[in-house]
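In what follows, a structure is listed as structure tokens, so that the remarks can point back to it.
The values are calculated or read from the model by the stated rules, or taken from the named source; none is laboratory data. Everything numeric in this text was worked out from a predicted model, so none of it was measured. For neighbour counting, all protein chains shown are included, and Cβ atoms are generated from backbone atoms with ideal geometry for every residue, glycine included. With ligands, DNA and RNA removed, areas are computed over all heavy atoms of the protein, side chains included. Shrake-Rupley method; radii C 1.70, N 1.55, O 1.52, S 1.80 Å.
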Amino acid sequence: MPKEADRFQGGGGGGEESKDASEDTVRKRVRANTPSPHTGSTPQASPPRFVSMEELMDTAKGVTNMALAHEIMVNQAFQVKPTELPEGSLERKVKEIMHKAFWDCLEAQLKEDPPTYEHAIKLLGEIKETLLSFLLPGHGRLRSQIEEVLDLPLIQQQAENRALDIGQLSQFIVGMMGSLCAPCRDEDINRLKEISEIVPLLKAIFSVLDLMKVDMANFALSSIRPHLMQQSVEYERNKFQEFLEKQPNALDYSKKWLKETVKFLRETDGCSSASHQSSSLVLLNVHNHAYLRLLRWDHAVDPFPETVLMDQVRFQEMQQEAERLVLLSSVLLIVYTTTGEAISGLPGLMETLKNTVSVMLADMHAPSFSTQEALATIGEKLCVELSHCLSRHGYSPFSADRKGALKGQISAVIQPDNTVRKLMDSRIQSYLLASLESSQHKTPLPLPGGLAPVSRELKELSVRFSRLVNFNKLVFSPFYQKILQEILTSEEIPGAET
């Protein structure tokens with residue numbers, strides 16, 4: 001929007017508004033999910049100290065910038081979006097009133113005799129500035145055209161001599177926008193060409209320019225993202241170090257997380273076999289198991305570790321996906337174990353059964369979802385599907401006893417200690433752990449038995465998991481190494497000596 005209207009709508013830079021909105025969203029997420037460092041079972045690491053408002057604001061800004069940089073790196077779908085004010089809000093009403101007053105004033109000036117072009121020329125100057133900002137170094141010819149046609153001193157002179165044709169300049173602007181815009185804006189450009197009145201056309205031009213600014217910002221993000229890895233790692237690490245210096249107990253929950261992992265591995269002999277391994281292998285083993293524990297986290301009870309807090313939502317989503325795959329693979333394994341050779345090798349049956357179960361489990365983490373009812377319905381549907389399939393291929397009908405047994409076994413999967421469920425859960429966890437241990441190798445991981453029906457989903461999950469973990473390792477490995485060395489030394493774990 002024109003500067004005279006405080007850039008609410010057009011040439012003012014929707015990208016900046018979107019960046020502010022994105023930063024505010026990230027800031028709220030970090031603030032909402034950051035636990036108090038002196039609550040729960042974690043001991044207080046240092047005496048409380050008073051901080052000034054300036055220190056507090058500097059720290060908050062640093063965390064916000066770190067979170068925004070992190071979001072750009074790990075979220076491949078991250079995009080800048082225009083700010084949309086809530087319908088009926090006071091801010092939206094004020095904006096609409098100011099815009100209407102500005103454009104009404106401009107229209108009145110252009111209808112005067114002779115017309116007053118002062119504000120119109122300022123708008124053309126803003127449009128020129130915006131068009132030039134879209135150009136790349138190789139756009140020399142386009143730059144010359146814009147400079148020549150939108151020559152403000154010449155336009156001012158034409159206005160004084162009553163020879164200014166704003167309509168012609170507007171058409172040039174629309175044509176230039178068509179040359180510079182992304183393909184997704186072609187329809188918007190075509191609509192601009194249909195507008196004949198000057199003021200509505202200028203108003204629409206500024207709206208489309210705002211969208212083009214957002215497109216340009218997103219294009220820049222996608223272009224530089226592959227080159228930002230090392231800089232982003234160093235930036236996040238330095239920002240967290242600054243935060244740690246101002247908040248010495250900012251690693252309390254991370255220490256608790258790693259210490260509990262060491263304890264778990266000791267109890268399960270996970271580290272006992274490390275006596276003949278190097279210290280680095282012991283640390284890596286503890287570290288990978290610590291990440292795997294994040295996929296079993298009780299988010300309602302245990303505060304999330306500070307070093308992975310920015311990815312809590314992502315880990316929670318992967319945890320839910322892993323839980324869904326456990327149920328899905330358990331049900332399918334029960335079906336094939338119960339029905340035996342009769343259905344093995346039948347074309348398309350596996351995918352049909354899988355789709356039936358997947359649809360029923362799609363909302364399994366919704367508050368209103370009843371797992372017991374869903375499993376009962378799944379049992380009924382699968383019995384019907386299997387009966388039809390066996391009949392079509394000339395097999396004996398699915399007897400009532402076999403139906404009852406199948407339904408009962410499927411319903412029993414709801415129990416956490418169910419044998420089939422525990423088996424599938426263990427195999428999925430082992431596969432995800434192996435994806436971390438072999439992340440540096442190009443050879444594909446062998447798929448555990450019984451997981452073939454969900455192989456595609458499991459591989460996608462393992463890629464997401466390992467990518468997120470590896471990036472977190474790059475950023476926080478110095479902090480983790482120091483913490484683990486202290487824990488392993490104090491616990492006197494064999495092989496921990498350096």
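Listed here are the residues, each with its yes/no results for (1) open to solvent by 70 Å² or more (accessible area, probe 1.4 Å); (2) assigned to a helix (DSSP H, G or I); (3) out of contact with any helix residue (DSSP H, G or I) (no Cβ under 6 Å at 6 or more places or on another chain); (4) in contact (Cβ under 8 Å) with a residue 24 or more places away in the chain.
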| residue | (1), (2), (3), (4) |
| --- | --- |
| 331 | no, yes, no, yes |
| 354 | no, yes, no, yes |
| 380 | yes, yes, yes, yes |
| 395 | yes, no, no, yes |
| 414 | no, no, no, yes |
| 417 | yes, no, yes, no |
Next item on the list: Kindly list the number of the only condition in (1) over 24 Å from residue 312 (Cα atoms); (2) open to solvent by 40 Å² or more (accessible area, probe 1.4 Å) that fails for residue 453.
Entry: (2)
Notebook entry, point to check: Among the residues of the range 99-108, is there at least one that is of a type in the set (Lys, Arg), in contact (Cβ under 8 Å) with a residue 60 or more places away in the chain and farther than 21 Å from residue 172 by Cβ?
Noted result: no
Check: Could we say that residue 217 is more than 16 Å from residue 480 (Cα to Cα) and out of contact with any Cys (no Cβ under 7 Å at 6 or more places or on another chain) here?
Finding: yes
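Listed here are the residues, each with its yes/no results for (1) open to solvent by 60 Å² or more (accessible area, probe 1.4 Å); (2) closer than 20 Å to residue 197 by Cα; (3) part of a helix (DSSP H, G or I); (4) of a type in the set (D, E, K, R).
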residue: 100; (1), (2), (3), (4): yes, yes, yes, yes
residue: 109; (1), (2), (3), (4): no, yes, yes, no
residue: 116; (1), (2), (3), (4): no, yes, no, no
residue: 122; (1), (2), (3), (4): yes, yes, yes, yes
residue: 125; (1), (2), (3), (4): no, yes, yes, no
residue: 141; (1), (2), (3), (4): yes, no, yes, yes
residue: 159; (1), (2), (3), (4): no, yes, yes, no
Note to self: Please go through (1) over 29 Å from the mean Cα position of the chain (by Cα); (2) part of a loop (DSSP other than H, G, I, E, B) for residue 368 and return the number of the only condition it doesn't satisfy.
What the structure shows: (1)
Next item on the list: Could you please let me know if residue 94 is at pLDDT 75 or above and either surrounded by 11 or more Cβ atoms within 10 Å (Cβ to Cβ) or not in a helix (DSSP H, G or I) (or both)?
Entry: yes
